[in-house]
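Bear in mind these aren't lab numbers, they're just calculated from the coordinates by the rules spelled out. None of these values were measured; they are calculated from a predicted model. Glycine gets a Cβ as well: all are built from the backbone with ideal geometry, and neighbour counts include every protein chain shown.
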Amino acid sequence: MKALVTGISGFVGSHMAEYLLSNNIEVLGTIRQRSRMDHIQHILNDIHLVECELRDPFSVETLIDRERPDLIFHLAAQSFVPTSWNSPTDTIYNNVAGQINIFESVRRFQLDCKIQIACSSEEYGHVEQDEVPIRETNPLRPLSPYAVSKTAQEYLGYQYFKSYGLNVVQTRTFNHTGPRRGENFVTSNFSKQIAEIEAGKKPPVIYVGNLLAKRDFTDVRDVVRAYWLALEKGEPGETYNIASNKCYTIGEVLQLLLTLSKVQIEIQQDPARMRPSDVEILLGDYSKFNAKTGWKPEIPFHKTMEDLLNYWRAR
Ligand code: GDD
């Protein structure tokens, strides 16, 4: 069994590769010229890397025709919400065109493979107070270009399933974190700042954005297990929430991280970290996915935060 992981050198991609290797699956991954290799350095001898520009149809066709994977985990994306306001066109083009190129190649070469696409709880966007916990049937009211790009990716998955019978399973994943999370994302950003303060590399002040937003966090190691199960047991054409069914305000996340540290730290709001619009609450109901696959999150949030803080302390 051969699995292709797009974005293998990224945060989720590297964990996905580790999970697949531990299940004796042959792992193939796409990288770009400028990809950083530090997340996959330790498994370089066990995986096969191919340079591929997903925006380029020729590059994707060559890869799919030559490698003919049985499973595709499509994780590569521009995934940082604030970047999508600065580069909306690029975010939408990158996330949508890359996926179309994969679908068209699979269709053209008539591959009988299963494809998981990493969609997002950001698609729910504006959520009314009486609409939580969020089920897959909730309305989609995206509030950022990133969220629109993920909504488009998801509808394309459904459309290619209906039009051409491609075996696409859509996962709408709520926030996820853990070791190797990119430093722009809130849990990693706060952890990195704390680790630098502890090491005396910066004054004891932590800069923050909107602390009132509520998010539902799952450990990345639980998420990649979910992606595997999505292809093993999920229904093609269906969408599944991957979530923990618990949510915290970002202020609570900050307090948890501060209690994991012994140093005294002052909190300061940085206006540059505020967004033109922010999703107020994401709290996910994962019962549809649980009923289909038996999946539930196993790693408690405080353990994820400890591991993340220790990751930054060791860097
Ligand atoms: N990044 C960041 N930095 N966010 C901050 C900060 C800060 O200093 N302070 C407060 N926040 C708030 C943001 O305004 C947002 O409400 C929340 O923390 C989470 O921000 P991010 O970690 O950047 O993640 P996100 O919720 O925008 O998006 C993540 O989750 C999606 C799933 O819901 C990303 O991982 C997306 O790729 C993913 O699809």
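Couple of notes before you dig in:
- Proximal lysines relative to Lys233, as straight alpha-carbon distance under 23 Å, when same-chain residues fewer than 8 apart are discounted: Lys2, Lys114, Lys150, Lys162, Lys288, Lys292, Lys296
- Euclidean distance between Cα centres, the stretch 206-269 to the stretch 84-119, Å: 25 Å
- Helix 220-233 and the longest principal axis of the C-alpha atoms of the chain enclose an angle of approximately 20°.
- Using 0.36 nm per residue and subtracting the Cα-Cα separation, the extra length available between Thr83 and Glu67 on full extension is 2.5 nm.
- A convex hull fitted to the Cα coordinates of the stretch 88-232 yields 147 cubic angstrom per residue.
- Build a GNM of the chain with springs between Cα atoms under 10 Å apart, and of Tyr164, Tyr19, Tyr155 the one that fluctuates most is Tyr164.
- Stretchable slack from Asn23 to Asn184, in nm (0.36 nm times residue separation minus alpha-carbon distance): 54.9 nm
- The relative contact order of the stretch 203-315 comes to 46 percent, based on Cα pairs under 8 Å that sit 6 or more residues apart.
- Around the amide H of Ile206, modelled in the peptide plane, lie the amide H atoms of Glu266, Ile267, Gln268, all under 5 Å away and 5 or more residues distant in sequence or on another chain.
- Gyration tensor over alpha-carbon atoms, the chain, equivalent ellipsoid semi-axes in Å: 32, 22, 18
- Sorted from greatest to least, the principal axis extents spanned by the alpha carbons of the stretch 18-64 come out as 32, 21, 14 Å.
- Computed over the chain, relative contact order equals 18 percent, with contacts defined as Cα pairs under 8 Å that lie 6+ residues apart.
- Leu211-Thr137 FRET efficiency (beta carbon distance; Förster radius 41 Å; 0.05 resolution): 0.85
- One compactness figure for the stretch 101-158 is 1.39, namely its Cα radius of gyration divided by 2.2 N^0.38 Å.
- Around the amide H of Val127, modelled in the peptide plane, lie the amide H atoms of Glu280, Ile281, all under 5 Å away and 5 or more residues distant in sequence or on another chain.
- Looking at the stretch 47-158, the pairs of alpha carbons with a distance over 18 Å make up 53% of the total.
- Extension gain for Glu235 to His48 (0.36 nm times residue separation, less C-alpha to C-alpha distance): 64.5 nm.
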